[in-house]
1. Just for the chain, what percent of DSSP beta bridges are antiparallel, to the closest 5?
2. Could you tell me which trypsin sites (Lys or Arg not before Pro) in the stretch 150-204 are loop residues by DSSP with no more than 16 other beta carbons within 10 angstrom of their beta carbon?
3. Using a Gaussian network model of the chain with C-alpha springs under 10 Å, which one of Ile140, Ile89, Ile152 is most mobile by mean-square fluctuation?
4. How much accessible area does His82 have with a 1.4 Å probe, in Å² rounded to the nearest 10?
5. Under 10 Å, Cα contacts only: if you run a Gaussian network model on the chain, which one of Glu28, Glu93, Glu294 comes out with the highest mean-square fluctuation?
6. Which residues' amide hydrogens lie under 5 Å from the amide hydrogen of Gln209, considering only partners 5 or more residues apart or on another chain, with H built in the peptide plane?
7. From the protein chains alone at 1.4 Å, what is the descending order of accessible area for Thr161, Thr121, largest first?
8. What is the distance in Å between the Cα centres of the stretch 227-292 and the stretch 147-187?
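The values are calculated or read from the model by the stated rules, or taken from the named source; none is laboratory data. Quick caveat: nothing in here was measured; it's all calculated off a predicted structure. Heads up, the Cβs are rebuilt from the backbone with ideal geometry, glycines too, and the neighbour counts pull from every protein chain shown. Surface accessibility is based on the protein's heavy atoms, side chains included, excluding ligands, DNA and RNA. Shrake-Rupley method; radii C 1.70, N 1.55, O 1.52, S 1.80 Å.
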Amino acid sequence: MTQANRPPGGRPRRSCLAVPGSNPRFLEKAQGLPADQVFLDLEDACAPLAKEGARHLIVEALNKGDWAGKTRVVRVNDWTTHWTYRDVITVVEGAGANLDCIMLPKVQDAQQIVALDLLLTQIEKTMGFEVGRIGIEAQIENAKGLVNVDDIAGASPRLETIVFGPADFMASINMKSLVVGEQPPGYGADAYHYILMRILMAARTYDLQAIDGPYLQIKNVDGYREVAGRAAALGFDGKWVLHPGQVEAANEVFSPSQEDYDHAELILDAYEWHTSEAGGAKGSAMLGDEMIDEASRKMALVVAGKGRAAGMIRTSTFEAPEA
């Protein structure tokens, strides 16, 4: 499946729930949580001795579990380890029909994406799966990955998201902080602004989604909302959640407010009417005290699309002005 025939704007990913692949109880519980995406983790959440067994637990969970309404992702180990190829082969051969994406961590250059694309293609052909249907999520976790993020984002038509991995990234640049996602002491501005914008620009250049990484203080929901709000304000599509208590916050922060959603739908309806023959075929018009034009329509499409993806229902309707 190429970018052209994926759902417009990509799958909803407001909340991306991390689930240890080696924990059967968590694999079961995750199925009932209202997260947009669930990624079953073979990397950091699994001890080295547990990785092989976790592959098989994940295959069973994908094939037998009820993941209705969720994007199903597996995070494999990165290419610098000896686990990656077997992670991909075991999971995709065993549960490829019930898998949406593979997440590749610690991506440093485009060739790592090309290699994963090639391996997925060989497995799909061998197993008789639709070639190209399984997407890729690329996680940027160090300085080299960020420097190469443009090439990474354009490396494969399978790419669906660029994901920021803050903990490893902070370590890779020697950032003076031990609290993932919080501002380092001694710096008066937002230390993450450049990183997030760099990822966002690369993602949007190739029509990909941009996803913020985890907030490790799982009991501090207010702190989570604040950090998530920063990413959402820039235009990010979602954020990781590590605990059920963060899911609702993520879904709320990365959805438009009811007022904004209603207003976006009104702009779309009003612009469609005013540009029609019945509305006078105008290139710009007034909606109340606001002038709207083609640029307004494009902005409204983004907000309305996020609202529709979130299942929001509009509470106002457009009424054409009387002649």
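1. 10
2. Answer in residue order: Lys176.
3. Checking each option, the largest mean-square fluctuation is seen for Ile89.
4. Counting only protein heavy atoms, the figure is 130 Å².
5. Highest fluctuation among the options: Glu294.
6. For Gln209, the qualifying residues are Thr161, Ile162.
7. Result, largest first: Thr121, Thr161.
8. Using only Cα atoms to place each centre, the spacing works out to 27 Å.
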